[in-house]
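The values are calculated or read from the model by the stated rules, or taken from the named source; none is laboratory data. Bear in mind the structure is a predicted one, so any value in this text is a computation, not a measurement. Don't worry about glycine lacking a Cβ; one is built from the backbone with ideal geometry, like all the others, and counts go over all protein chains shown. With ligands, DNA and RNA removed, areas are computed over all heavy atoms of the protein, side chains included. Shrake-Rupley method; radii C 1.70, N 1.55, O 1.52, S 1.80 Å.
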Amino acid sequence: MRWLFAHVVGGFIRLHPLRATVAVIAIALGVTLGYAVHLINSSALAEFEAAVRQVTGQADAAVIGPRDGFDDAVFDQFATDPAVDLASPMLEVETALVVPARLRGRTLTVLGIDLFTAARLAPQLVGRGIASAKEGDRRFVPLDDGLFLSPAALQALQLAPGDEIGVQVGGRVQRLRIAGDLPSARAGQRLATMDLGFAQWRFDRLGKLTRIDLQLAAGARIEQLAARHRLPAGVYLEGASQAETRASNLSRAYRINLSALALVALFTGSFLVYSLQSQGVVARASQLAFLRVIGVTRAETARLLVAEAVGLGVIGSAMGIAAGMATAALALRWLGGDLGGGYFAGVQPALVVDAGQAVGFFLLGVAAAGVGGWLPARAIAMADPAPMLKAAIGIERARRSRPWFVLGLIALAGILLTLPAAGGVPIAAYLAIAALLVAAIALKPYVAPWLLIPLARWSERQRRPKPAVWLALQRLGAMPRFAAIGAAGIVASFALMVAMATMVTSFRTSVDAWLARVLPADVYARAGPTSSVSGNTTASFSEADQRRILDDSQVTRAEFSRHLKLVLDPARAPVTLLARAVDRLQPGRTLPLTGESRPWQPSMPPPAWVSEAIVDVYGARVGGEFVLPLGGRDRRFFVVGVWRDYARQGGSVVIDIDDYQRLTGDLQLTDVALWLAAGANATRVVEALRSSLQAGTAEFAATGELRAASLRIFDRSFAVTYLLEIAAIAIGLTGIAATFAAQAISRRREFGMLRHLGVTRGEILQLLALEGLLVTGLALALGLASGVAVAWILVDIVNPQSFHWTMDLLLPWTQIAALTVALLAAAGATAVIAGRRAVAHDAVLAVREDW
């Protein structure tokens, strides 16, 4: 078979290089997108997990609590437990930088550590000191009141040992000296350490810890240890491996959904390979039939064609792997590891390539090409070779589909859509999308006769019937398989275009409308930098700052609030608590509520409004009670309503600021919304406030600026989705070009016979243009219907199951209409261009084989 493959397949590829090139590019593009997204996410996750291991060191378990900390009396419980060999306390804070001025708006993560216990569990966190010249070289510098920065932090902040920085703590600035560096810190990790006692003092966290790393005695079990200790609300005991698992779980849905969407391009490329291989079979029908007549078996013929598709898949997959690595490397360098998702903010990962994963994506691309080539190979193997020796007839009957297959796929998709997500990943929904796309393609042979044959009869009854119109309608109606072959890649690619465009438009429009509801004020300010990774910094508005804002003559109204993170489940992302002023009688004026609300009575627990994620993940229900760990105790709240929150996938809870301060005694305020007087200049008001506030790190933004910035972040988050749309358009256009070029070449004898019957070259070109428009129009109609169905699945099923938010389905009709016109024009033009070459030969020579 090797010699046969070289002559038959190799010769056809040499004669028609465009067809092979398009097939290779389609597979390469799908593998590139899928593998690049996978590499970016896996590299970022590997770096994030390595950073977690850098902090945990050799610990077997850890006591973790909220970022605001828990009472250090918990440390005494575990330090004296016989099952604990070593307990290492830690205080982690994210502090806002003020001095020097060039660092304003930047943050730094600081770990307060006990030097003697950390040296045994995590020696990489122990700094290398550089003694002060004033006090000589005899001081034990690691216990100094100073910071030890990792090399990455020193480089990023352009600092050196001996420099001094100022950090915002509450309403004042604390000055700290860079006492040394962390030579063993992981490359790229930006953090600082300092003595625990000094950290508690400097950052107003006296008596507070955020973490206790534990080294257990031989034979000790975490479950037994947890059973012996009663921990404050919001404080948990977990194994060392759970920290890495949590880091993975936080972004799993985002990573898997992004990878699934990227692999849709490969799925579409498989349909294009099918279309091109089918065209190749039609073009070579007489040659393949001759091979059958001279003794080549059906199985050998099928293997020959499958081997051709697999060979194209091997080349395309190899190109895709190489291009995927290059794309991932560039994305990690320019965009970072989060692709806009925000899960790996502050992490600068290096590209991590796993040979097994590369082989897996390579085989996936080869398999996609092989499946696309197997279907036409099976059709030609089953066809009768005798009639195909003349005019490639017989293939149409050999590939006749059965209606139950299409109905079965649609029913299967419906069943899959009723299944819940598996571990937060909507696998069943993605399988339903695949089933619907296959059903749409398989449906076309039934749609074409039903629609086109009546149109052909109608054209006959016209006073001045046009031969080109009648021929095009009659031929496509009588040979639906011919129409279906040219439509497979178009249906899949156009469905992908419609689905991606609809999902992005729906989400973006919903986010824009949501921003208009949640940003009613004129100006917003946060005491700490908005670039904070954790969302909680040491900055807050002092009482003097609050008075200064309230007394400003240009400010008619100011609402202060407190934003903080709460850990409800150590395996999940922290939940954001928004303590703010809420109109208990009419909360819908400022909160975008979904569904019905329950009235609140003073005899009930304090009211709370939860986001959709809290309902899905934690089981909160309107009219029920929900527990929040506040001030070291479990506090019960009455769930009044559910609100839509696109900013916090982990979930959020809104409570009244008065309730929060009464229950916790925490009077810190981190955010403020300002309503300005009529005619006030927002820029001048902001400049005046910024120059007079004690919170030197405060960042102000007008509502318009916030909305624009939020939409820019949205567009960056969906950069891969936009790339998928472009890929789908490229696949659709190249598929149209290759399809009609192959069809025109394979129909030279048909065109020659029409010329003998008196049809002019111009009418044949009209015939080709009409066929191109009809085939593409039917494909676009099916692609539109299936694309809308896929978009509905993405909007109403995938997003709620993965990210726990809902949105309105909005079709971008203008964009869809523009794409439709462009594809129809491309189809008609391509068919005419290909037809010129086919009808350029002498009519007698074109039919000489039939004499």
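Taken together, the criteria place ALA840 among residues that are out of contact with any helix residue (DSSP H, G or I) (no Cβ under 7 Å at 6 or more places or on another chain), at pLDDT below 85 and of a type in the set (Gly, Ala, Ser). Evaluated against (1) open to solvent by less than 40 Å² (accessible area, probe 1.4 Å); (2) at pLDDT below 90, PHE560 falls short on exactly one condition, (2). Of the helices (runs of 4 or more DSSP H) lying entirely inside segment 701-805, those containing at least 2 residues that are modelled with pLDDT under 75 and surrounded by fewer than 17 Cβ atoms within 10 Å (Cβ to Cβ) are 703-717, 719-746, 748-756, 761-793. Take the residues in segment 597-632 that are in contact with a Gly (Cβ under 9 Å, 6 or more places away or on another chain) and of a type in the set (D, E, K, R), then tell me which one is nearest to LEU585 (Cα to Cα). Result: ARG598.
Residues of segment 312-319 include at least one that is farther than 14 Å from LEU29 by Cβ, of a type in the set (Val, Ile, Thr) and at pLDDT 75 or above. Of the residues in segment 33-45, at least one is under 30 Å from LEU86 (Cα atoms) and either in a helix (DSSP H, G or I) or modelled with pLDDT of 80 or more (or both).
Residues are listed down the side, and each one gets a yes or a no for (1) within 21 Å of THR576 (Cα to Cα); (2) part of a strand (DSSP E or B); (3) small (Gly, Ala, Ser):
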{"site": "ASP76", "(1), (2), (3)": "no, no, no"}
{"site": "ASP85", "(1), (2), (3)": "no, yes, no"}
{"site": "MET90", "(1), (2), (3)": "no, yes, no"}
{"site": "THR95", "(1), (2), (3)": "yes, yes, no"}
{"site": "ARG102", "(1), (2), (3)": "no, no, no"}
{"site": "LEU111", "(1), (2), (3)": "no, yes, no"}
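The residues in segment 643-678 that are within 27 Å of the chain's Cα centre (by Cα) and open to solvent by 30 Å² or more (accessible area, probe 1.4 Å) can be counted, and the count is 4.
Here ALA87, ALA79, ALA73 are screened, and the one residue that is small (Gly, Ala, Ser), modelled with pLDDT of 90 or more and out of contact with any strand residue (DSSP E or B) (no Cβ under 7 Å at 6 or more places or on another chain) is ALA73. Can VAL615 be described as of a type in the set (Val, Ile, Thr), in contact with a helix residue (DSSP H, G or I) (Cβ under 9 Å, 6 or more places away or on another chain) and open to solvent by less than 40 Å² (accessible area, probe 1.4 Å)? No. Filtered by the rule that a residue be within 39 Å of the chain's Cα centre (by Cα) and either of a type in the set (Gly, Ala, Ser) or open to solvent by 20 Å² or more (accessible area, probe 1.4 Å) (or both), segment 687-697 gives GLU687, ARG690, ALA695, GLY696. Listed by position, the helices (runs of 4 or more DSSP H) enclosed by segment 184-291 that each have at least 2 residues that are buried (at least 19 other Cβ atoms within 10 Å of the Cβ) and at pLDDT below 75 are 240-283. Reported count of residues in segment 563-587, each being open to solvent by 40 Å² or more (accessible area, probe 1.4 Å) and either without any contact (Cβ under 8 Å) to a residue 40 or more places away in the chain or within 25 Å of the chain's Cα centre (by Cα) (or both), is 8.
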